Amino acid sequence: MHSKTPLHYELESRASLEAHPRFASTLSNGLDVLKCFSASEPLLGNKEISEMLGLTRPTVSRLTFTLVGLGYLRRDERTGKYSLGPAVLTLGYPLLVHLTLRQLAAHDMVELARYARGPVSMAIRDRLQVVYVETVQDGASNASRPDIGSARPLLRTATGRALLYAQTADERKLICGRLAEEFPEEWERFGPALQPAYDEIDQHGFCVVSKDWRAELCGIATPMRYRSNDLPLAFNVTIPADGLDEKYVYETLGPRLRTLVKNLEYRIGIL
């Protein structure tokens, strides 16, 4: 019997993790509290967190008290509600610093964003989703305004499909199996689009996904051959889907994105 790889544990279902004797439920609950906060829900009270997580109010109260004391939450004395604290930023900072590609790619990303009049981003895979680790805005109107830490679906986005392409065949099989289990309806609808995206990357060096994630957006993405801390990387540019000029996408914008990645690979010694 083959021993489990780190990817196996990373993709374990919540139920499987909770059944493991080494699983620390209190730590898990504390992290779940932090994940309740989002751009659309920046302020939450104990009652709201309790309802979101299905935990008792006393349990949530103990968790929020601890997280405030450690600096991961801040409490508004007037409303009694909580928001994320500065200590949360310190958790992600070492990862971002380690991703030195962000600095190497910065100039080219700015130039492409200006040319495309849309955001250009660099992303990694976090379990079953895409997470942006760098993004450049051009200042023009665009429905997509991703920022560092923003999450996107793997199946429905060009970036997600490019990241899946960058995995090994065994890794891809494992990840896709979990996607099918976790999101059966989405898998049934978008799973068949993965192979055409892989074929597109083989042929053009990038894949294009229009309207699958949001009806008004078209994404173009290119995977990198380089892995950072054993994590595949991909770059993407997002433009409006309405009035899309396929010739422009396939003959100009896509090749520019591919060139950005190739130049970056050259700078770090991947020939």
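The values are calculated or read from the model by the stated rules, or taken from the named source; none is laboratory data. Being a predicted model, the structure only gives us computed values, none of them experimental. Backbone-built Cβ (ideal geometry, glycine too); neighbour counts: all protein chains shown. With ligands, DNA and RNA removed, areas are computed over all heavy atoms of the protein, side chains included. Shrake-Rupley method; radii C 1.70, N 1.55, O 1.52, S 1.80 Å.
Just a few scattered comments:
- The chain, dipole about Cα centre (Lys/Arg Cβ +1, Asp/Glu Cβ -1), debye to the nearest 20: 660
- Its relative contact order, with pairs defined as Cα atoms under 8 Å and 6+ residues apart, puts the chain at 14 percent.
- Computed about its Cα centre, the charge dipole of the range 9-86 is approximately 280 debye, with only Lys, Arg, Asp and Glu carrying charge at their Cβ.
- Summed residue charge, Cβ within 15 Å of residue 18's Cβ, Lys/Arg positive, Asp/Glu negative: 0
- Positive contributions from Lys and Arg (+1) and negative ones from Asp and Glu (-1), summed over other residues with Cβ under 12 Å from the Cβ of residue 154, come out at +3.
- Residue-span extension gain [residue 182 to residue 59] - 0.36 nm each, minus C-alpha spacing: 41.5 nm
- Applying 1/(1 + (r/R0)^6) with R0 = 30 Å to the Cβ-Cβ distance of residue 9 and residue 169 gives a FRET efficiency near 0.90.
- Lysine pairs with alpha-carbon atoms under 22 Å apart, the chain, spacing 8 or more or separate chains: 6
- Accessible area per residue was computed with a 1.4 Å probe on protein heavy atoms; residue 218 scores about 0 Å².
- Global geometry of the range 124-271, whether rounded, prolate or oblate, following the gyration tensor of its Cα atoms and the 1.5 cut on a/c: rounded
- Here the accessible area of the chain is 53 percent carbon and sulfur, with a 1.4 angstrom probe and all protein chains present.
- Estimated FRET transfer efficiency when R0 is 30 angstrom, pair residue 24-residue 248 (beta carbons, to 0.05): 0.05
- Calculated FRET value between residue 111 and residue 70, using beta carbons and R₀ = 35 Å, to 0.05: 0.25
- Rounded to 5, the percent of DSSP beta bridges in the range 142-271 classed as antiparallel: 100
- Charge tally in the Cβ shell below 12 Å around residue 55, where Lys, Arg are +1 and Asp, Glu are -1, residue 55 excluded: 0
- Stretchable slack from residue 193 to residue 267, in nm (0.36 nm times residue separation minus alpha-carbon distance): 23.4 nm
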